[in-house]
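All remarks here apply to the structure that follows.
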Protein chains: 2
Amino acid sequence: MIDEIGRRARNASYGLRQSTGAARRGALLEMAEGLTAAVGEIVEANAADMGQAKEEGITGALIDRLRLDQKRVAAMAAGLRSVAALPDPVGRETGGWSLYNGVRLHRVRVPLGVVAVIYEARPNVTADAAGLCMMSGNAVILRGSSYALRSNMAIAGTIRDSLSRAGLPADGVQLLEDTTRDGAKALMQATDWVDLLVPRGGPGLIAAVQADATVPTVIDGAGNCHVYVDAGADLDKALGIVVNAKVHRPGVCNAAETLLVHEAVAEKFVAEAARALMAEGVELRGDDRARELVPEMKPATEVDWATEYLDLVMAVRVLPDLDSAIDHVRQYGTGHTEAIVTDDRVAADRFVAAVDTAVVVVNASTRFTDGEEFGFGAEIGNSTQKLHVRGPMGLESLTSERYVLYGDGQVR
Amino acid sequence: MIDEIGRRARNASYGLRQSTGAARRGALLEMAEGLTAAVGEIVEANAADMGQAKEEGITGALIDRLRLDQKRVAAMAAGLRSVAALPDPVGRETGGWSLYNGVRLHRVRVPLGVVAVIYEARPNVTADAAGLCMMSGNAVILRGSSYALRSNMAIAGTIRDSLSRAGLPADGVQLLEDTTRDGAKALMQATDWVDLLVPRGGPGLIAAVQADATVPTVIDGAGNCHVYVDAGADLDKALGIVVNAKVHRPGVCNAAETLLVHEAVAEKFVAEAARALMAEGVELRGDDRARELVPEMKPATEVDWATEYLDLVMAVRVLPDLDSAIDHVRQYGTGHTEAIVTDDRVAADRFVAAVDTAVVVVNASTRFTDGEEFGFGAEIGNSTQKLHVRGPMGLESLTSERYVLYGDGQVR
């Protein structure tokens, strides 16, 4: 089963890697048109998914993530149009020189080949992932959740028709209709076919991929992000940054989870920050020193330092110096985003050099770790690993660099 | 055991990532001096390894790879000096721009952290790998073969002393003295400590890494490389390229294994190429058409198309057209290096676009896929995977790109 799908994806990838950027752009616009035209069918399929999910007792946030309406389908189409407007990463020359013997060398970005995306209930990922893979010249195998199967089939079916109309292989986008765990595992281990697997979902999915995947993956891991307010911080700026990093959107990976404060400014800053955070509904958990300053805080334990709350909860720790803050971040950070607030250039430089993370931020919110904010347009994920790509993953992360050599008969 | 070594490597990596390029360069020169001064001890330790290996019945190429003498130690020192002369990859800015709100973004190369290298009998890899990792600001854990343990200990000991003298952490270079399979496996699974594992050895080692490693790896896989002589080829150049690609150094991964010839030039070319190759001692295995032209060829089977001989053996196939050559390469190639010989620009472009390989060569030998030839200086390996790095791996492949953001209090 997976071999048949894999083979089709590989064959489609051969066509895609030789397609022009204009053809891929055109296909994305065609996909956007197709979705707009098929909005009735898509919403109807989604209603069936919603009905069944409700029967099975699904409620709340999961149901909201599953829901599609005219507006959400229009947003999917708009997303495709904006990806079509991004610079084409394929064929971009990233280096070129002549060897000693006159052989010309070009380093050029090419599609990876076949990308697999495993994702959870949100059916808009079907269109988003298809758009990003198509624009970067990759065939994609999509595996969504069972709850969204009818919605995903309607969306993928429309997209495949659009690809054919645009003159690109329909098998560039395939949806895995087997939504069992075994189906997902087969995809995670399809080393003959899958060049890159991107999981998009919660910690359970990431853990399953880390345990079972034998194909190359990019892990969109946890973000246990810190804001460290240094002795040299402008405390007004620090307050704005801490509050924004925690409360702007607490459920996402670039939200801050722990506030670290230098002892020299703790007395001035901790109580003020606590007031502002509590006013936004944040529950605080502090170490002994923080609780001396703000007795309303619950005591923080070892577990708190290591937890990505993804919620309106924040741990607070007062530290004697910059080195202790660096040590804390090294011990508990997950390599996602770490921020320092300071006007002391030496302290900033030391923090930046010492902390090993995808993104390090001086005097701004952790919330800027994001493909849109970085100017990449839509992102396919945010990598917390060090190989291939770190941080927000744009179109370029779906390509590799290879070498093309032109000679005139040269030998060694 | 591996945790203790891993922790030391991690701590050393913190020092190294904050070291200057000048300090790392200085350390490499100190390492070169140290090796030169310790040549007596090293050769003595090696003599003990050689003695034991011979007692255990080791002979031939393996003994030659194990052997160290004054000249080989001098070559190791010279290798370190040449790495010290390479451009520093650390801290290089690969991109920088301002976000819409004035936050400045810098994309900067940083060391990976801790690199593990598992290698076979050649003890010079101890110095080579230590030099490349040190120059790129990484701590390294080395795991050589049991046959070379005394030699490797002598080399690593000298290098560690040199690091201390140069003011860098000695634990930047650690040798695993446990040379059992379990020791190697523990290193392959030390996900808390190892940021990249590079295996340097034969197919057995690569297979063990593919089966057991859970740390990130770069696979230096097989090179089943083809030379395709197109209808539009200059046959004189083609002859030189084919002979060079096969016989210049048949035991390495960038040697050619199969010759593909377009039917239109087969009658002129196959017999001539066969004569030249056989004169160099190459055994040829052809398909029916090739054997019609050169009856001395043995028949080639399916197995031959898929075999990386690494020897003076070459398979020969005559194909009706360019598309068949592309299909053959897609089916049997290993993503290492593929060459086309043609003066037909359209055919060259189609081959380049269609073939998905780390290096594609037009009108030159496959033997140019090499870090030194590309101008990278020493290489740590040659990647046949698509993530992170493809093709020859220089110093840059031991780094990652991360983002540093500077703001003035910006929030979302």
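The values are calculated or read from the model by the stated rules, or taken from the named source; none is laboratory data. All of these numbers come straight from a predicted model, not from anything done at the bench. A quick note on method: Cβ atoms are made from the backbone with ideal geometry, for glycine too, and the neighbour counts reach across all protein chains shown.
Yes or no: B:G381 in contact (Cβ under 8 Å) with a residue 12 or more places away in the chain, farther than 18 Å from B:D88 by Cα, of a type in the set (G, A, S) and at the interface with chain A (Cβ under 10 Å from one of its Cβ atoms)?
On the way: in contact (Cβ under 8 Å) with a residue 12 or more places away in the chain: yes; farther than 18 Å from B:D88 by Cα: yes; of a type in the set (G, A, S): yes; at the interface with chain A (Cβ under 10 Å from one of its Cβ atoms): no.
For B:G381, the condition - in contact (Cβ under 8 Å) with a residue 12 or more places away in the chain, farther than 18 Å from B:D88 by Cα, of a type in the set (G, A, S) and at the interface with chain A (Cβ under 10 Å from one of its Cβ atoms) - is not met.
Okay, residues lined up against (1) among the charged types (D, E, K, R); (2) in contact with a helix residue (DSSP H, G or I) (Cβ under 9 Å, 6 or more places away or on another chain); (3) within 30 Å of A:K237 (Cβ to Cβ); (4) buried (at least 20 other Cβ atoms within 10 Å of the Cβ):
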position	(1), (2), (3), (4)
B:R367	yes, yes, no, yes
B:E373	yes, yes, no, yes
B:I380	no, yes, no, yes
B:S383	no, yes, no, yes
B:G391	no, yes, no, yes
B:E396	yes, no, no, no
B:E401	yes, no, yes, no
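Does B:N382 satisfy the condition of being on the phi > 0 side of the Ramachandran plot and not in a loop (DSSP other than H, G, I, E, B)?
On the way: on the phi > 0 side of the Ramachandran plot: no; not in a loop (DSSP other than H, G, I, E, B): yes.
Against the criterion (on the phi > 0 side of the Ramachandran plot and not in a loop (DSSP other than H, G, I, E, B)), B:N382 does not qualify.
Consider only pairs whose beta carbons are under 6 Å apart and that are at least six residues apart or on different chains; among these, list those whose first residue lies in the range A:249-263 and is touching a residue at least 24 places away in the same chain (Cβ under 8 Å) and whose second residue is surrounded by fewer than 19 Cβ atoms within 10 Å (Cβ to Cβ) and among the acidic types (D, E).
Short answer, once both residue conditions are applied: A:P250/A:D311; A:E257/A:E308.
Of (1) of a type in the set (A, V, I, L, M, F, W, C); (2) outside any helix (DSSP H, G or I); (3) within 24 Å of A:T357 (Cα to Cα), A:V243 satisfies all except one. Which?
Single failed check for A:V243: (2).
Residues in the range B:70-85: is at least one under 25 Å from the mean Cα position of the chain (by Cα) and either part of a loop (DSSP other than H, G, I, E, B) or free of Cβ contacts under 8 Å to residues at least 24 places away in the same chain (or both)? Spell out the reasoning first.
To start, the set of residues in the range B:70-85 that are under 25 Å from the mean Cα position of the chain (by Cα) comprises B:71-85.
Filter once more, keeping what is either part of a loop (DSSP other than H, G, I, E, B) or free of Cβ contacts under 8 Å to residues at least 24 places away in the same chain (or both): B:71, B:85.
Checked against the condition, which is being under 25 Å from the mean Cα position of the chain (by Cα) and either part of a loop (DSSP other than H, G, I, E, B) or free of Cβ contacts under 8 Å to residues at least 24 places away in the same chain (or both), the range B:70-85 yields at least one hit.
Restricting attention to the range A:226-258, report how many residues are within 17 Å of A:E283 (Cα to Cα), of a type outside the set (V, I, T), touching a strand residue (DSSP E or B) at 6+ places or on another chain (Cβ under 6 Å) and within 13 Å of chain B (Cβ to nearest Cβ).
Of the residues in that region, 3 qualify.
Quick check on A:D344: is it surrounded by fewer than 20 Cβ atoms within 10 Å (Cβ to Cβ) and either more than 10 Å from chain B (Cβ to nearest Cβ) or under 23 Å from the mean Cα position of the chain (by Cα) (or both)? Don't jump to the end; show me each part of the working.
Working: surrounded by fewer than 20 Cβ atoms within 10 Å (Cβ to Cβ): yes; either more than 10 Å from chain B (Cβ to nearest Cβ) or under 23 Å from the mean Cα position of the chain (by Cα) (or both): yes.
The answer is yes for A:D344.
Just checking, which of B:S145, B:S136, B:S164 is among the hydroxyl-bearing types (S, T, Y), closer than 30 Å to B:D69 by Cβ, touching a residue at least 60 places away in the same chain (Cβ under 8 Å) and in the same structural domain as B:A45 (by TED's automatic domain parsing)? If you could, list the steps in order and put the result at the bottom.
Numbers: B:S145 fails: touching a residue at least 60 places away in the same chain (Cβ under 8 Å); B:S164 fails: touching a residue at least 60 places away in the same chain (Cβ under 8 Å).
Sole residue among the options that is among the hydroxyl-bearing types (S, T, Y), closer than 30 Å to B:D69 by Cβ, touching a residue at least 60 places away in the same chain (Cβ under 8 Å) and in the same structural domain as B:A45 (by TED's automatic domain parsing): B:S136.
Give me the residue from the range B:331-341 that is among the polar types (S, T, N, Q) and farther than 16 Å from A:S13 by Cβ and, out of that set, nearest to the other protein chains (Cβ to nearest Cβ). Can you show your working first?
Going residue by residue through the range B:331-341, those that are among the polar types (S, T, N, Q) are B:331, B:334, B:337.
Narrowing further to those that are farther than 16 Å from A:S13 by Cβ: B:334, B:337.
Numbers: B:T334: 13, B:T337: 9 Å.
By that ranking, first place goes to B:T337.
Please return the ranges of helices (runs of 4 or more DSSP H) entirely within the range B:251-310 where 1 or more residues are surrounded by fewer than 22 Cβ atoms within 10 Å (Cβ to Cβ) and within 33 Å of the chain's Cα centre (by Cα).
Details: elements: B:263-279, B:288-293, B:302-305.
Answer list for the range B:251-310: B:263-279, B:302-305.
Condition test on A:V359, is it at the interface with chain B (Cβ under 10 Å from one of its Cβ atoms), under 22 Å from the mean Cα position of the chain (by Cα) and either among the aromatic types (F, W, Y) or surrounded by 22 or more Cβ atoms within 10 Å (Cβ to Cβ) (or both)? It would help to see each step written out before you state the result.
Working: at the interface with chain B (Cβ under 10 Å from one of its Cβ atoms): yes; under 22 Å from the mean Cα position of the chain (by Cα): yes; either among the aromatic types (F, W, Y) or surrounded by 22 or more Cβ atoms within 10 Å (Cβ to Cβ) (or both): yes.
For A:V359, the condition - at the interface with chain B (Cβ under 10 Å from one of its Cβ atoms), under 22 Å from the mean Cα position of the chain (by Cα) and either among the aromatic types (F, W, Y) or surrounded by 22 or more Cβ atoms within 10 Å (Cβ to Cβ) (or both) - is met.
Would you pick out the residues in the range B:106-127 that are in a helix (DSSP H, G or I) and touching a Phe, Trp or Tyr at 6+ places or on another chain (Cβ under 9 Å)? Lay out the reasoning, then the answer.
First, pick out the residues of the range B:106-127 that are in a helix (DSSP H, G or I): B:124-127.
Passing the criteria: B:V125, B:T126.
Can you pull out every residue in the range B:325-339 that is in contact with a His (Cβ under 9 Å, 6 or more places away or on another chain) and not aromatic (F, W, Y)?
Taking the range B:325-339 first, the residues in contact with a His (Cβ under 9 Å, 6 or more places away or on another chain) are B:325, B:328-329, B:332-333, B:337-339.
The answer is B:A325, B:H328, B:V329, B:G333, B:T337, B:E338, B:A339.
Taking only the range B:60-93 into account, find how many residues are surrounded by 13 or more Cβ atoms within 10 Å (Cβ to Cβ) and polar (S, T, N, Q).
Number of matching residues: 1.
Look at A:E55 and say whether it is free of Cβ contacts under 8 Å to residues at least 24 places away in the same chain and in the same structural domain as A:A38 (by TED's automatic domain parsing). Step through it out loud before you land on a result.
Working: free of Cβ contacts under 8 Å to residues at least 24 places away in the same chain: yes; in the same structural domain as A:A38 (by TED's automatic domain parsing): yes.
Spelling it out, A:E55 is indeed free of Cβ contacts under 8 Å to residues at least 24 places away in the same chain and in the same structural domain as A:A38 (by TED's automatic domain parsing).
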